[in-house]
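J.: Pasting in a structure now, in structure tokens, and then I'll have a few things to ask.
None of the figures in this text is laboratory data; all of them are computed from the coordinates on show. All of these numbers come straight from a predicted model, not from anything done at the bench. FYI the Cβ positions are ideal-geometry reconstructions off the backbone, even for glycines, and counts take in every protein chain you see.
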Amino acid sequence: MKYILTVVSLSILFLLGPATPPVVAQQPLVLAFYYAWFDQNTWSSGQSVDLPAQPYNSTDPAVIERHVAQAQGAGIDALVQSWYGPQMENNQTETNFRTLLDISAARGFKAAVDVEVTSPFLGGSGAVSQALATLIATHAQHPAYLRYQGKPVIFFWRQQQYSVDTWAGIRGQVDPNHDTIWIAEGTDLAYQAVFDGHHLYNIAWADSPADQLARWGDRVRSYEAENQVDRLWVATAMPGYNDTNLPRGNAFAVSRQGGDYLRATWRGAVASQPDMVIITSFNEWLEGTQLEPSASYGNLYLDVMRELVTELRGSPPPEPAPLQVPSQPAPDSGASASDGEKSAQAAVAAAQSPPPDGPYIETPAITNVRSGPGTDFETVGRLDAGQTASVMGRTEAANWWLVEFTPALEGQGWVSGEVVGFVGEAADVPVVEVQTAALETEATVDSADEAEAEPKATVEAESEDEAAADEPTEEAATATPTVPRVAGSIEATDAINVRDEPSLEGEVVGALYQGETADVLAVSEDGDWWLVEFAGGPDDQAWVADEFVEFEGDPATIPIFGLGTPTPTASVTPDATITPTPTPLPVEQPTFAPTATSIYDATSAALLAARGTPDPSLLEPTSDDTGDFGWSDLPWGILSLVVIAGFFWYQFVLRRRQ
């Protein structure tokens, strides 16, 4: 009996003693979601409730380096950038990620991708497989790519686009040995049959983020134990949430509470015993989750992050190294870089170098450089935002500046004084007389048969003599470029799609946003569509509907499409009626941030808060969970009382009966 009493007593002391909290084997990595598709159109859209302290263009390497330095200073180990796939054309997520990797390598930082499965460039599971194979063979081998336990880490957004079986086929094809780590997102743990870990992109829907993070961490570990597999739990922390400026029916906001919301979600994330903590986000401005310095909060949230990482690791993150100017590649060594990358690198070098001696101009945004002082002159190139250029001359009204521009054949070009800043004394700049640009007329035809084959011109030449009279003179031809003559320009009055043919049935090749301009090359026969210079279209040309633009120039001088103008890859009779674009921003949006009305819009918050509150079936235990009772489900205090009561019942009741 003494032995029994001794065992019971020791059990009571053990149960009444303080419980030891679980110990995490190692400190979790600290990551942050990153977006590289912003430009001035984002900041002027009115869709963000706050703005960056320094508005920027995501293609600027100096901006990317600044972001890396800010993340490092806040204690973040890696940025996880949304990625549309390896296509280079019209895909900033690819070109900018290359820059992010190179800058990260130079600064001892890491980067990874969040594969956007619903990307406009990934039209099916085959395209996804090809993109992942390319990613694993290229970026994942970069020294700056994020690795966990020696393996490259790949996050996924909207893997629910395909079934678990489809993903099993994809993984078996591109990564059969699981040499990389795949992290799924959302509320369906069935994908853990293929993926290696799980995260929730958004936790702002929860009344108690800490409780929900603990619950989801337990669910991942339960799946791990039940299926005898290793799975990673990636916990989410957020500074707040606000998408109320977006046209979403379920838009909502969660207060930042002066930094306390970030502190609460962070501590809840750390307490959930994660392998990694990921911040949503470093710079998702349209949903108001950014840490990046803003007009409203300054550096507050970078400072709070630094405070929290110091709390986690016991010492503050090291101060980041000073920003460096990215080196400009030599002309023959940058073959692998895109024109956009080389242009951006050159722009940063120019923007951070000392200003030119004498009068010069500064470009607040991307600026066209033309062969003459007017929009009817050919565009010979562009200056990127933040560049400077020496001024060599001006128009008499000083509304156009002649500047040094080495890409042009003559090493100079004209920029509008309305879109650039001038530094210096205008009176010291000589006036340059420029012959008015020759306007292109319809092309000469060689025979009556060829003339009949062409679309009808506004004004027909009745004879070869008249046709010849319409041709530019030798003097004018000297001043006229050999490329298609720019005959005017259009300015978008709203966000519009740009198509490869003059019809609503044409393929969308890009977009113009309100205030953006494009040079006009020709007009459709019915006058409803403009053929404009557009880098994303066939032969760098595309069509825009007249209904959504304002034309600048003389309409009488615009060639009818087909008479001496470049021919796109496809041409059809334009629609008689143009239907207005149904959404504020175009759906096909490969080069800028996904919009609230596109198929790429909803985050976990939008999915879970569709009816104002999260779906209880996703958050509460199922009937199977509650039906199986275990002693571990009882609190320690109740168990202790049960043991004590049993002891006294045995000692004072049962023994006396004996």
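J.: Test of understanding: ordering R215, R313, R256 by Cβ neighbours within 10 Å, fewest first, what list do you get? The partial results should precede the final answer.
T.: On the way: R215 15, R313 12, R256 22.
The most exposed by this proxy come first: R313, R215, R256.
J.: For the residues D102, D428, D211, what sequence is obtained by ranking on other C-beta atoms within 10 Å, fewest first? Write down the numbers at each step before the final one.
T.: Details: D102 21, D428 9, D211 13.
Ranked by crowding around the Cβ, least crowded first: D428, D211, D102.
J.: Another one. Grab the other residues whose beta carbon is less than 11 angstrom from that of A204, score K and R as +1, D and E as -1, and report the net.
T.: Values: positive: R256; negative: D207, D243, E287.
It works out to a net charge of -2.
J.: Between E433 and E507, what is 0.36 nm times their sequence separation minus the Cα-Cα distance? Round to one decimal in nm.
T.: Details: separation 74, 0.36 × 74 = 26.64 nm, distance 4.33 nm.
Taking 0.36 nm per residue and subtracting the Cα distance, the gain is 22.3 nm.
J.: Would you order V229, V164 from fewest to most other beta-carbon atoms within 10 Å of each residue's own beta-carbon? Let's see the in-between values first.
T.: Details: V229 11, V164 15.
In order of increasing Cβ crowding within 10 Å: V229, V164.
J.: What is the packing order of peptides 38-51, 271-284, taking the mean over residues of other C-beta atoms within 10 Å and listing the highest first? Can you show the working numbers first?
T.: Details: 38-51: 17.7, 271-284: 24.3.
Those peptides, ordered most packed to least, come out 271-284, 38-51.
J.: Excluding K110 itself, calculate the net charge of residues whose Cβ lies under 11 Å from the Cβ of K110, where each Lys or Arg counts +1 and each Asp or Glu counts -1.
T.: Numbers: positive: R107, R147; negative: D77.
Counting the neighbours of K110, the net charge comes to +1.
J.: May I pose another question? Based on a Kirkwood Rh over C-alpha pairs, give the Stokes-Einstein translational diffusion coefficient of region 360-428 at 10 °C and viscosity 1.306 mPa s in µm²/s.
T.: 137
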